[in-house]
1. What are the residue pairs meeting all of these: first residue in the range 27-48, first residue more than 15 Å from Gly13 (Cβ to Cβ), second residue of a type in the set (Gly, Ala, Ser) and assigned to a loop (DSSP other than H, G, I, E, B), Cβ atoms under 8 Å, and 6 or more apart or on different chains?
2. Select, from Phe309, Phe358, the only residue that is within 25 Å of Ser219 (Cα to Cα) and surrounded by 15 or more Cβ atoms within 10 Å (Cβ to Cβ).
3. Return yes when Val330 is within 16 Å of Pro282 (Cβ to Cβ) and either in contact (Cβ under 8 Å) with a residue 24 or more places away in the chain or in contact with a strand residue (DSSP E or B) (Cβ under 6 Å, 6 or more places away or on another chain) (or both) and no when it is not.
4. Can you pull out every residue in the range 2-39 that is modelled with pLDDT of 95 or more, hydrophobic (A, V, I, L, M, F, W, C) and not in a strand (DSSP E or B)?
5. Kindly indicate whether any position in the range 234-248 is farther than 27 Å from Thr295 by Cβ and either over 21 Å from the mean Cα position of the chain (by Cα) or aromatic (Phe, Trp, Tyr) (or both).
6. Do we have Ile340 as assigned to a loop (DSSP other than H, G, I, E, B), surrounded by 13 or more Cβ atoms within 10 Å (Cβ to Cβ) and at pLDDT 95 or above here?
7. Could you grab me the full set of residues in the range 155-179 that are surrounded by fewer than 12 Cβ atoms within 10 Å (Cβ to Cβ) and over 17 Å from Leu236 (Cβ atoms)?
8. Tell me which residues, restricted to the range 140-163, are among the β-branched types (Val, Ile, Thr) and part of a loop (DSSP other than H, G, I, E, B).
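The values are calculated or read from the model by the stated rules, or taken from the named source; none is laboratory data. Only a predicted model underlies this, so the values are computations on that prediction, with no experimental measurement involved. Note that we place each Cβ from the backbone using ideal geometry, even for glycine, and neighbour counts take in every protein chain shown.
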Amino acid sequence: MKVLVTGSQGFLGKNLIVRLRELKKFEILEFHRGVAENELAALVHKADFIFHLAGVNRPLDVKEFSEGNATLTQKICDLVAHSGKKTPIVYTSSIQAEKNNDYGVSKKQAEDFLFALQKQAPVYIYRLPNIFGKWSKPNYNSAVATFCYNIANDLPITIHDEQAVVKLVYVDDVVSEFISVLEDSFSENPPPQGYRQVAPVFTVKVGELAERIRAFKSSRQTLVTEHVGVGLDRALHATYLSFLKPEQFSYSVPRYADQRGVFVEMLKTKESGQFSFFTAGPGITRGGHYHHTKTEKFLILKGKGRYRFRHIVTKEFYELDVDASESKIVETIPGWSHDITNIGSDELVVMLWANEIFDRQKPDTIGHEV
């Protein structure tokens, strides 16, 4: 199947094309500003499906709104009509189409041309809010792109109204919706035509948006990560990282060394503890304390260690030898003192998770021999 993507070198176009290529079942045709407009007819004629993403939203002259949005869309509609084919079209309109401004008017005109074509071919129109994600352009696509770029590069950001609310959609969600329509449009139950929506739509205040992005930057110093595994923070975090230059990919964390070995904290979470690792030379013992509430998980990555446990009241004793090849998790239990000794001939390297961030004022770590 041949899929034509207009605006193929734009932010959304790049993301869509990468995902289409991953599916390995579409021949992708591209139309962008580097392609002569007289080639558009041949591309439309070849296409079995069209993603019309090309458009103008920040022109030097307001006349470009009409030319880049309405006129180009009319040409594509005319070419599909003259071809006699029932080529489905996905069009990226804007929520601005509801407003009486130059950009919105041009988008509404484009929608009207497409609805007129609907008698012949399926049409799917998305009135999108601001899109954000990797490969977006600062000072062009959205405030998210600008904030991410500026904060990553220690540049100031300008906020006129911190309480202003913006609606956002993430580029991966947009692309997933588009691919779903593409695949379903040729099924026995094609998707409903006309206006369609991308979900989820995130709603956030501008000031809060900036603070969330700043938190991603500061986490390299505090080691405390945000809730980057779900929802808006997940998408924002990925977007922020996409603006880092290669020389910004790495950073150092604190390293504490003594005669026993080293201890390094890697990552802290707000609600689920922290991750660290430590080393110990042959014969070295680390630990020798107990906790009232704190719990830990140990995983030996290299070497062989002997865990020892003693109940601080009953004096019950237990020991366990573990080799790195076992990939065995050993947990510390409240009320049991514990330590670990390197019983191998090589360095012992142990990964450690604690269920809470270490608090020097309330360490819940009481020295006690095992």
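1. Cβ pairs passing all conditions: none.
2. On the way: Phe309 fails: within 25 Å of Ser219 (Cα to Cα).
Just a single option satisfies the conditions, and that option is Phe358.
3. Details: within 16 Å of Pro282 (Cβ to Cβ): no; either in contact (Cβ under 8 Å) with a residue 24 or more places away in the chain or in contact with a strand residue (DSSP E or B) (Cβ under 6 Å, 6 or more places away or on another chain) (or both): yes.
Taking the combined requirement at face value, the residue does not satisfy it.
4. Phe11, Leu12, Leu16, Ile17, Val18, Leu20, Leu23, Phe26
5. yes
6. Details: assigned to a loop (DSSP other than H, G, I, E, B): no; surrounded by 13 or more Cβ atoms within 10 Å (Cβ to Cβ): yes; at pLDDT 95 or above: yes.
Against the criterion (assigned to a loop (DSSP other than H, G, I, E, B), surrounded by 13 or more Cβ atoms within 10 Å (Cβ to Cβ) and at pLDDT 95 or above), Ile340 does not qualify.
7. Residues of the range 155-179 that are surrounded by fewer than 12 Cβ atoms within 10 Å (Cβ to Cβ), as a first pass: 155-156, 158, 160-161, 163, 165.
Within the range 155-179, Leu155, Pro156, Thr158, His160, Asp161, Gln163 meet the criteria.
8. Going residue by residue through the range 140-163, those that are among the β-branched types (Val, Ile, Thr) are 144, 146, 151, 157-159.
Correct list: Ile157, Thr158, Ile159.
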